[in-house]
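What follows is a short report on a single structure.
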Amino acid sequence: MLRQWQPQDRASFATMNADPRVMQFMPSVLSTQQSDAMAERCAGLIAERGWGFWAVELKTQSAFIGYVGLHIPSADLPFKPCVEIGWRLGYQYWGLGLATEAARAALKVGFEDLRLPEIIAFTALSNNKSQAVMQRLAMQQDSLIFAHPRVPADHPLSLHCLYRLSRQRWQQQSVN
């Protein structure tokens with residue numbers, strides 16, 4: 001279930017953001033303060049515009065498991081303006097199809113409610129797990145390989161790939 005962030009999400013979110021397995025494809029793990037600030041930004045953007053990186057709650061346990069949603073990147077990316085889809089789940093929730101399920105719900109909001117013409121996703125070239133989610137969402141890999149402007153050029157995670165999904169393609173996939 002996608003929902004607004006709650007104060008009780010912060011401890012689990014901080015634990016998740018401090019886990020090197022979860023943050024393997026990010027430049028570094030986050031401190032509790034950095035994690036709290038991120039949760040606050042996510043909640044603020046949802047309050048402001050009605051959408052963003054939502055907290056994800058496991059329906060069967062009412063447990064916070066991470067975030068999934070839509071975001072307007074602030075980094076100076078070569079394909080801006082755009083809206084991206086992104087996710088981060090606790091390690092124990094990987095491999096269960098939850099990122100794909102929640103991402104489909106976020107895509108529905110993006111294409112049906114917001115009427116976005118396209119939603120993109122990007123990740124480090126070596127992040128095969130996220131790329132597999134993008135592919136399960138019927139996103140198509142763009143030929144663009146780019147150096148993420150917020151990752152040092154000599155960092156192994158600098159180079160990123162780009163995936164795209166048009167509203168038209170999403171509608172065709174939804175019918176089939």
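Assorted remarks:
- Computed helical MRE - 222 nm, the chain, DSSP H runs ≥ 4 contributing -39500 (n - 2.57), nearest 500: -9500 deg cm²/dmol
- Share of carbon and sulfur in the accessible area of the chain stands at 51%, probe radius 1.4 Å.
- Residues whose amide H comes within less than 5 Å of that of ALA55, counting only those at least five positions distant or on another chain, are ARG3, TRP5 (H built at 1.01 Å from N in the peptide plane).
- Net length gained if the chain between ASP113 and ALA138 were fully extended (0.36 nm per residue, minus Cα distance): 7.1 nm
- Gain upon complete extension [GLN171, ARG150; 0.36 nm per residue less C-alpha separation]: 4.2 nm
- Annotation for the range 81-140: trypsin sites (Lys or Arg not before Pro) lying in DSSP loop with at most 10 further Cβ atoms inside 10 Å of their Cβ are ARG115.
- Isotropically averaged projected area of the range 52-147, using the convex hull of Cα atoms (one quarter of hull area), nm²: 6.6
- Sparse packing (at most 11 other Cβ atoms within 10 Å of the Cβ) combined with a DSSP loop state is found for the following trypsin sites (Lys or Arg not before Pro) in the range 31-87: LYS59.
- Selection from GLY90, LEU114, ALA103 lying farthest towards where the dipole of the range 86-132 points positive, charges on Cβ: GLY90
- The alpha-carbon positions of the range 123-176 define a convex hull whose volume is 76 Å³ per residue.
- Candidate aspartates and glutamates - alpha carbon under 16 Å from LYS59, same-chain residues fewer than 8 apart omitted: ASP9, GLU101
- Projecting the Cα atoms of PHE64, SER174, PHE53 onto the charge dipole of the chain, computed from C-beta unit charges around the Cα centre, puts SER174 farthest toward the positive end.
- Between the range 43-114 and the range 12-30, the C-alpha centres lie 17 angstrom from each other.
- Projection of the Cα convex hull of the chain, averaged over all directions and equal to a quarter of that hull's surface, yields 10.0 nm².
- A 1.4 Å probe run over the protein chains yields, for the chain, 53 Å² of accessible area per residue, whole-number rounding.
- Normalised by the number of residues in the chain, the average gap of Cα pairs under 8 Å and 6 or more apart makes the relative contact order 18 percent.
- Considering only ILE72, ILE46, ILE120, the Gaussian network model of the chain with Cα springs below 10 Å gives its largest mean-square fluctuation to ILE72.
The values are calculated or read from the model by the stated rules, or taken from the named source; none is laboratory data. In this text, all values refer to a predicted model and were calculated from it rather than measured experimentally. Cβ coordinates were reconstructed from backbone atoms using ideal geometry, including for glycine residues, and neighbour counts include every protein chain displayed. All accessible areas refer to the heavy atoms of the entire protein, side chains included, with ligands and DNA or RNA removed. Shrake-Rupley method; radii C 1.70, N 1.55, O 1.52, S 1.80 Å.
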